[in-house]
Structures are given as structure tokens and as C-alpha cells.
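The values are calculated or read from the model by the stated rules, or taken from the named source; none is laboratory data. Note that the structure is a prediction, hence the values are computed from the model and not measured. Reconstructed Cβ throughout: ideal geometry from the backbone, glycine too, with neighbour counts over all protein chains shown. Only protein heavy atoms, including side chains, enter the accessible area calculation; ligands, DNA and RNA are left aside. Shrake-Rupley method; radii C 1.70, N 1.55, O 1.52, S 1.80 Å.
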Amino acid sequence: MEILGFQTDITWHDRTANLARVAALLDQSRPAPGALVVLPEMSMSGFSRDVTAATSGAAESESVLAELAKKHRIALMAGLATKQGNCGANESVTYGPDGSELARYRKLQPFSVAGEAESYPAGDNIITFEWGGFTIAPFICYDLRFPELFRAAVDKGANLFAIIGNWPNRRHQHWTTLLKARAIENQAAVIGVNRSGTDPEFTYAGGSLILGPQAEVLAEAGEAPDIIRAEISPSVVSEWRAGFPALRDRRTDYAQL
């Protein structure tokens with residue numbers, strides 16, 4: 001399967017500009033039919049705690065993204081801020097090549113340092129979906145620091161993690177290190193798509209990655225806006241898991257030790 005990550009410099013609170021950028025990148029990159037294309041966290045607004053501004057036109061954004069997935073015959077995963085009652089939801093939403101919704105995941109670990117949960121309360125489900133022979137588990141930014149989430153996803157069959165972020169440059173080394181750790185410890189392929197540029201609070205160093213199950217780097221971006229892409233087969237993951245069965249050797253009695 002072909003996997004692409006669009007590392008964009010998200011225009012603050014401007015969904016029209018951000019949608020136009022995604023459409024142009026899809027035309028430029030011409031992903032193969034059936035490819036998985038991944039956008040950063042809150043890709044239509046930037047990481048904003050202003051729920052009204054961040055969710056403005058959310059339904060229209062979703063409609064356009066679904067049409068783009070349909071036009072290019074791909075699976076398109078986007079980070080979106082959506083309205084949920086009186087608050088927002090920080091979500092990863094994936095659309096299929098027929099324009100239908102394949103998966104909707106709500107961030108399980110809001111970024112407490114920034115008070116994210118006050119605007120975007122935590123979700124309550126680990127989600128997986130099937131695509132390109134993989135069982136894919138989406139996660140969002142701060143989730144990456146909680147390895148137990150990824151183990152739970154593996155127990156649901158996940159062999160590819162798609163992590164989207166607005167991960168600031170002051171902790172950039174953590175981003176790359178943790179992506180590789182999640183690949184190694186779970187013997188899973190990983191795509192991590194960060195943003196680049198700046199917003200009113202942070203500067204972002206990009207560093208989007210596509211990794212094989214031994215954390216081998218298949219594609220990597222620098223700080224500037226970029227497109228990363230790689231081909232990976234689910235057989236690479238299954239063969240590594242079978243040949244080096246660390247997951248099979250997991251004990252289940254740790255709590256009793």
C-alpha cells in the first residue's frame with residue numbers, strides 16, 4: 001500500500017485556505033488509487049482552543065474532504081475540530097474512495113499542559129479500521145506519550161499506527177523517539193504526520209515519519225512543508241512478528257508481580 005503524509009503549514013482559523021492547500025497537494029502528489037493519505041492534527045484550523053473559531057464550517061470541511069477522497073480514490077485521514085454539544089472534539093476522521101466515513105477517532109489524551117480538555121474533552125474508545133490489508137489505529141499527538149494505548153490497539157489487531165500531531169519544536173526529539181519506540185515495541189508500521197510553521201503560541205519542526213516495524217525510516221520530512229510517501233506491505237509486519245515473536249512472549253500477570 002502507498003502511504004503519504006502531508007506536512008502542512010496550517011493557516012490559522014482559515015479552513016478555506018487549508019482545504020485549498022490539501023486539494024492542491026493531492027493534485028500535485030497524485031496518490032495511487034487505494035493509497036492512505038494523512039493530514040496533521042486540527043488540519044483545518046490549527047491547534048486552537050477557541051472552539052467556535054476552530055469548528056466554524058466543520059460540516060462543510062468534512063464534505064469537501066470526503067469529495068477529495070472520492071475524486072482521488074483514496075483513504076484520506078484528516079485531523080478535525082468538530083462541535084460536540086457545548087464543547088468541541090479533537091478528532092481523526094478518515095474518508096474512503098466512495099466518500100463514506102471509514103473511521104472517526106476522538107483523542108483519548110487531551111494535552112493537559114495547555115488545558116486542552118476544557119475545550120476538547122477526551123474520547124473513550126480505541127478505534128481500528130481495515131485498509132490496504134492493514135488494521136489501522138489512529139491516534140492524536142499527546143496520545144503518543146501513553147504506550148498502553150498502543151498495546152490496547154495491538155490487542156484489537158492493529159499493525160499500522162497513524163499518529164497526527166501539532167507537536168512543537170521545543171520537544172521535537174520526543175516526537176521522533178516516541179514514534180520509533182511505538183514501532184519497535186509493538187512490531188508495527190507507523191506514520192506520524194506533524195505540522196510545520198507557526199501559530200500564535202508555538203513553532204513546529206515538522207519531522208513527519210513513515211516507519212517499518214523495526215523503526216526503519218521509509219520516509220522523513222524536515223522542518224519545511226513537505227510530502228512524505230512510501231510503499232509498505234502488511235506482510236512485512238506479519239513476517240517480522242512471526243520471525244521475532246516478542247508480542248507473543250508478553251506476560252499477562254504483571255499486575256500481580
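With the charge dipole of segment 12-139 set up from +1 on Lys and Arg Cβ and -1 on Asp and Glu Cβ about the Cα centre, the Cα lying farthest toward the positive end among the listed residues Q28, T128, V93 is that of Q28.
When the chain is treated as a Gaussian network with alpha carbon springs shorter than 10 Å, the biggest mean-square fluctuation among A78, A246, A221 belongs to A246. Seen from E118, the other residues with C-beta closer than 12 Å to its C-beta sum to a net charge of -1, counting Lys and Arg as +1 and Asp and Glu as -1. The dipole here belongs to segment 37-145: it is taken about the Cα centre, uses +1 on the Cβ of Lys and Arg and -1 on the Cβ of Asp and Glu, and is about 140 debye. A DSSP coil position with no more than 16 other Cβ atoms inside 10 Å describes the following trypsin sites (Lys or Arg not before Pro) in segment 185-257: R248, R250, R251.
Rounded to the nearest 5, the antiparallel percentage of DSSP beta bridges internal to segment 65-166 is 75%. Dipole orientation for the chain: of the candidates W240, A69, A221, W240 has the Cα lying most toward the positive pole (charges on Cβ; Lys, Arg +1; Asp, Glu -1). Return the loop-located trypsin sites (Lys or Arg not before Pro) in segment 117-178 (DSSP other than H, G, I, E, B) with at most 15 other Cβ atoms within 10 Å of their own Cβ; answer none if there are none. For trypsin sites (Lys or Arg not before Pro) across segment 117-178 that sit outside H, G, I, E and B with at most 15 neighbouring Cβ atoms in 10 Å, the list reads K156.
Expressed as a whole percent, the accessible area of the chain that falls on carbon and sulfur atoms is 49 (1.4 Å probe).
The mean accessible area for residues of the chain, using a 1.4 Å probe and ignoring ligands and nucleic acids, is 42 Å² per residue. Overall, the ratio between the Cα radius of gyration of the chain and 2.2 N^0.38 Å, rounded to two decimals, is 0.95. Once the Kirkwood radius over Cα pairs is known for segment 94-196, the Stokes-Einstein relation at 10 °C and 1.306 mPa s delivers a diffusion coefficient of 112 µm²/s.
GNM remark for the chain: springs join alpha carbons under 10 Å apart, and the peak mean-square fluctuation among H13, H174, H72 falls on H174. Under a model in which nothing but the beta-carbon of Lys, Arg (+1) and Asp, Glu (-1) is charged, segment 163-231 shows a dipole of about 160 debye around its Cα centre.
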